[in-house]
């Protein structure tokens, strides 16, 4: 007699823990054949607020890690993904992606993690500098992480697109609250289980499944989010940009239309400048003299 | 006698105070008025397509000399038709300007820098007459710094590829720029120089109380032979500014001004795809530790808040003094502000000139009243103010609580709010307890403490053992509600290009 398999209750990875939505709501997920697969948490604006809180708590510690340490932790994430390639391929196939395409997306995702791991201790050397001011001062400009970043992940690339949006923000020392792909939430569920086994401190990456319509307005107006990244349509862009005004939040989202080529080079934007999007520049002056 | 609000008698220092010799008690300076000719016209048109043109509506407004309250010149008022004409001129000029080799664009900017230097004194006088700032500031800071900005950016025009490794910078197109009245020519330079160096064309609106040096700058552009339409200057108040910001031909908008208007611009440009940079208000903490070099610190505090009448977005308007030295610092400050010379901006000895407008004077007066009403202790030196024009005494508030309006709101005037702290952590906490994040000051002889604070203070510019220093090579701009984007330096170029 064939053994009855254990099916999994998908949970969201928030604050280093696996949570259901505070609302208790779920929505059913079906596989490519239309068969029932699982009930996925339908996160709410309250879940967004809770996630921002844990992200803010985790942020200071993550920002204070040395650049070398952040790089090693990101590399460790790639080490955790590589042996779980098969699981990630299955998660992508759930949405109808053919095997070869799913495999290609997973491989590209792992390579992108390694790429950003290398950036952690290098972007500062390209973006910051000493300024030759005319007065007798030593003057230098360095970058600093912004804080907590809200991210709206794309639907068309639920793993590669998701991590391509997250990586520049966390490489820069920010923590993120992510609304995962609405039409394909399962790869983000699987990714959360792998993040939990990486050395990334809990709360640095927080993944919420559910509907953009319910959560984007809260991302827009939440005063503790310092910037919004990711990929949105024109309607959500307008919601985000209007909502951002009250706290002068930085809106760095890409347009979903025309579709982005997630495989191109280092991503839709050259990666150094994607990191720069989530940094502030700070300039310090000090007199030179005895 | 100095004006001191009531609470002071209860807090009189117990130690015997040395008798103070106040410079100027027994004698007066002779007047030393600057006499160079500002070469003003009686009336100014709009600068569109390389020519001065009259507005179709025929509407004008009067620019007032705030030092005397007397009219200076008639300025054309641009409505939406004129703003539209300016955008048409800038759009037409864009493609040839952007295609010009960078080295050639740079040569125009070098010319502009040189002509500004040639006409520096004339511009300084015009700036002081129109805006009210002391002539020594316009002469030694505003105008030379504006020329320096053009000179610095001139050299970038053919070197942009070195700024963005791995990417190709392209200009945005036409940039709409709206600037404030506190540093009229300098803010114009901060906006126009990087825009032109990167190949954009410009529609710029100066503030309505300080249009004159922008229009004189248009004469400089004519002398430099800048192609018609590359820079267009439209004058007017908020309505004209809204037309500049909301014009569909603007690919990018750059604004310096209040946080309130900045937020309005964010809403009005939402969903339009326009690039945006904002340099907004501030409420900078200037933190003085007990081991600070006190003579320098006191000068830095005075410069930090009284420079340009305190009409400075990055002014050190919240003084945080370590409790152990608070009484001594306050005493030194009281002494120091008594010898500040307040009055005729055209006098070369004047330290604090005229408040820019009646409206601003009213705002400062109202906030100072609120400070007294909320229980802070006020000190103003017993100096006479000119009868004509808009003036305000340098004002110190001690015993300020974080909840007071004078500790939270940008006053934009010569008013210092003094708070105290005990520990480093408390200083950081209080300094960051604001929606703003433009600048901060730290005074201590301990190097490791400076570096710790420069990391923990959430502000775009940190002045350590100095304050209110600026340079074209040094990026300036804010965190949080002080806006986003940087002006100056390599980083300032990034906001005027798109990368492909």
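The values are calculated or read from the model by the stated rules, or taken from the named source; none is laboratory data. These numbers were taken from a predicted model, which means no experiment stands behind them. Cβ coordinates were reconstructed from backbone atoms using ideal geometry, including for glycine residues, and neighbour counts include every protein chain displayed.
Side notes on the structure shown:
- Residue within segment B:232-241 that is farther than 30 Å from residue B:423 by Cα, touching a strand residue (DSSP E or B) at 6+ places or on another chain (Cβ under 6 Å), within 12 Å of chain A (Cβ to nearest Cβ) and at pLDDT 95 or above present: no
- The condition (being within 23 Å of residue B:228 (Cα to Cα) and either in the same structural domain as residue B:386 (by TED's automatic domain parsing) or at pLDDT 95 or above (or both)) is satisfied by just one residue among B:94, B:61: B:94.
- So residue B:417, is it more than 19 Å from the chain's Cα centre (by Cα), in a strand (DSSP E or B) and either away from chain A (no Cβ under 14 Å) or at pLDDT below 95 (or both): yes
- Residue list for segment A:269-290, restricted to those being assigned to a loop (DSSP other than H, G, I, E, B) and surrounded by fewer than 21 Cβ atoms within 10 Å (Cβ to Cβ): A:270, A:277, A:288, A:289, A:290
- Residues of segment A:175-202 that turn out to be surrounded by fewer than 24 Cβ atoms within 10 Å (Cβ to Cβ), in contact with a helix residue (DSSP H, G or I) (Cβ under 7 Å, 6 or more places away or on another chain) and in a loop (DSSP other than H, G, I, E, B), as a count: 7
- Residue selected from segment B:165-194 under the condition modelled with pLDDT of 95 or more and under 22 Å from residue A:270 (Cβ atoms), by the criterion surrounded by the most Cβ atoms within 10 Å (Cβ to Cβ): B:194
- Residue within segment B:421-431 that is surrounded by 20 or more Cβ atoms within 10 Å (Cβ to Cβ), in a loop (DSSP other than H, G, I, E, B), assigned by TED's automatic domain parsing to the domain that holds residue B:361 and in contact with a helix residue (DSSP H, G or I) (Cβ under 6 Å, 6 or more places away or on another chain) present: no
- Single residue of B:134, B:144, B:165 found to be more than 27 Å from residue B:89 (Cα to Cα), touching a helix residue (DSSP H, G or I) at 6+ places or on another chain (Cβ under 8 Å) and free of Cβ contacts under 8 Å to residues at least 24 places away in the same chain: B:165
- Scan segment A:129-167 for residues that are more than 14 Å from chain B (Cβ to nearest Cβ) and part of a loop (DSSP other than H, G, I, E, B) and the total you get is 7.
- Tally, over segment B:246-273, of residues that are under 16 Å from residue B:484 (Cβ atoms) and either in contact with a strand residue (DSSP E or B) (Cβ under 6 Å, 6 or more places away or on another chain) or facing chain A (nearest Cβ under 9 Å) (or both): 14
- From the list B:129, B:185, the one residue that fits, being within 23 Å of residue A:131 (Cβ to Cβ), touching a residue at least 60 places away in the same chain (Cβ under 8 Å) and either assigned by TED's automatic domain parsing to the domain that holds residue B:340 or not in a strand (DSSP E or B) (or both), is B:185.
- Qualifying position, being at the interface with another protein chain (Cβ under 7 Å from one of its Cβ atoms), free of Cβ contacts under 8 Å to residues at least 40 places away in the same chain and either in a strand (DSSP E or B) or surrounded by fewer than 24 Cβ atoms within 10 Å (Cβ to Cβ) (or both), among B:474, B:454: B:454
- Scanning segment A:203-257 for residues that are part of a loop (DSSP other than H, G, I, E, B), under 25 Å from residue A:275 (Cβ atoms) and touching a strand residue (DSSP E or B) at 6+ places or on another chain (Cβ under 9 Å) yields A:203, A:204, A:222, A:224, A:233, A:248, A:249, A:252, A:253, A:256.
- Only residues that are crowded, with 24+ Cβ neighbours inside 10 Å, over 17 Å from the mean Cα position of the chain (by Cα) and not in a helix (DSSP H, G or I) were counted in segment B:485-500, giving 1.
- Given (1) in contact with a strand residue (DSSP E or B) (Cβ under 7 Å, 6 or more places away or on another chain); (2) free of Cβ contacts under 8 Å to residues at least 12 places away in the same chain, index of the condition residue B:58 fails: (1)
- Positions within segment B:144-175 being within 20 Å of residue B:251 (Cβ to Cβ) and in a loop (DSSP other than H, G, I, E, B), in sequence order: B:157, B:163, B:164, B:167, B:168, B:172, B:173
- Helices (runs of 4 or more DSSP H) (entirely within segment A:1-100) containing at least 3 residues that are more than 25 Å from residue A:156 (Cα to Cα) and touching a residue at least 60 places away in the same chain (Cβ under 8 Å): A:45-64, A:67-81
A quick yes/no check of all residues on (1) at pLDDT below 95; (2) within 13 Å of chain B (Cβ to nearest Cβ):
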residue	(1), (2)
A:184	no, no
A:188	no, no
A:192	no, no
A:220	no, yes
A:229	no, no
A:260	yes, no
A:284	no, yes
A:290	yes, yes
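- Residues that are in contact with a helix residue (DSSP H, G or I) (Cβ under 9 Å, 6 or more places away or on another chain) and either surrounded by fewer than 20 Cβ atoms within 10 Å (Cβ to Cβ) or in a loop (DSSP other than H, G, I, E, B) (or both), drawn from segment B:299-326: B:299, B:311, B:312, B:313, B:314, B:315, B:316, B:317, B:325
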